[in-house]
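The block underneath contains the structure these notes are about, expressed in structure tokens.
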Amino acid sequence: MRPYAYTNQPLSQHIKGVVEWSGRMLEKSGYTKTGARRLKYAGVNLENLDTLNEAILAAAIFHDVGKAIEYYQSQFNEKGECVKPKRPDGRPTFRLHEVLSAVYFDRFVSKHLDWPAELKILAILAVLNHMHALRDFGRIIDLFNPEENIVSQEIRRVIFGARIAADDLDSLAETIAGYGFMYEDVKKELTPPVTRYDVISLGKKLQEFEFIKSSRLYVLLLLPVLVGDVLDASESRRDEETTASRRAFIEELRMCLR
């Protein structure tokens, strides 16, 4: 069942849930057609609407792959119980996993997917920014400044040299391949440890994109991923503390997509 996305929730199960909810949003609302039109106004022309659908669902598939690294998975036993939490409240933490997910996704889309260059960046940004504490993508490189204190120390401890254990890697690559990607291609890009070069290279790529007219339209790809992430988490982590207003919001989302 490893790797795990949360206590007692395999990552494969979470990916499946997020993709299903995201896909439901794309099917029911005419979302892709509207998104493609907005992108066209910004200079990103897609010959086929399926390309945008593919990019959104790929972002949904890869959004949490960073959780598979050994640092996070060491919190769980083989049953998925959080026996060595890195948080004082006993819950697992995956802080900064979205940076790792973006690095892995960048590796994959750069080499194996035939999308317009702008769409690749927008999809990567959707993965990078899928956490509610959004980071300024144009300043990602600042997170890795040696002069920074707490953040850069955490970056060095968690991200540089991060790797996915062999068994978890096989399982994750098999899950992703189930969505039409080549198993060997996925495994090839998830295998090497994450290096400082990977992060700085991605940071520079995003900085170059920052002033392009279409750059802020990554939110068009982000929204279905966020909706899918929230709805799957709400169903699979019912013991997680939440507020009444958040529960009402989640129920409204669920009703809209039924």
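Bear in mind these aren't lab numbers, they're just calculated from the coordinates by the rules spelled out. What you see is a predicted model; the values in this text were computed from it and never measured. Quick reminder, even Gly has a Cβ in these numbers, built from the backbone with ideal geometry, and neighbours come from all protein chains shown.
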*Principal axis box of the range 1-87, alpha-carbon based, largest edge first, Å*: 50, 24, 19
*Fraction in percent of alpha-carbon pairs per bin - 10 Å, the range 10-55*: 25, 44, 24, 7
*Return ASP232, ASP89 ranked ascending by Cβ neighbour count within 10 Å, so the fewest neighbours appear first.*
ASP89, ASP232
*Going by how many other Cβ atoms sit within 10 Å of their own, how do TYR72, TYR183 line up, fewest first?*
TYR183, TYR72
*Between PRO88, PRO192, PRO224, which gets the highest mean-square fluctuation from a Gaussian network model of the chain, Cα cutoff 10 Å?*
PRO88
_Please give the charge dipole size of the chain, origin at the Cα centre, charges +1 on K and R Cβ atoms and -1 on D and E Cβ atoms. Round to the nearest 20 debye._
460
*Loop only per DSSP, at most 14 neighbouring Cβ atoms within 10 Å: give me the GluC sites (Glu not before Pro) in the range 8-107, ordered by residue number.*
GLU47, GLU78, GLU81
*Go through LYS67/LYS204; LYS67/LYS111; LYS40/LYS67; LYS84/LYS188 and tell me which ones have a Cα-Cα distance over 28 Å in this structure.*
LYS40/LYS67; LYS84/LYS188
*Under 5 Å, built H, 5+ apart or other chain: amide partners of ALA5*: LEU11
_Below 8 Å, C-alpha to C-alpha, sequence gap of six or more: please give me the relative contact order for the chain in percent._
28
*asked:* Considering only C-alpha atoms, what is the centroid distance from the range 21-56 to the range 158-236, in Å?
replied: 20
*Could you list log10 I(q)/I(0) for the chain at q = 0.13, 0.15, 0.17 Å⁻¹, which the Debye formula gives when each Cα is one point scatterer?*
-0.83, -1.13, -1.45
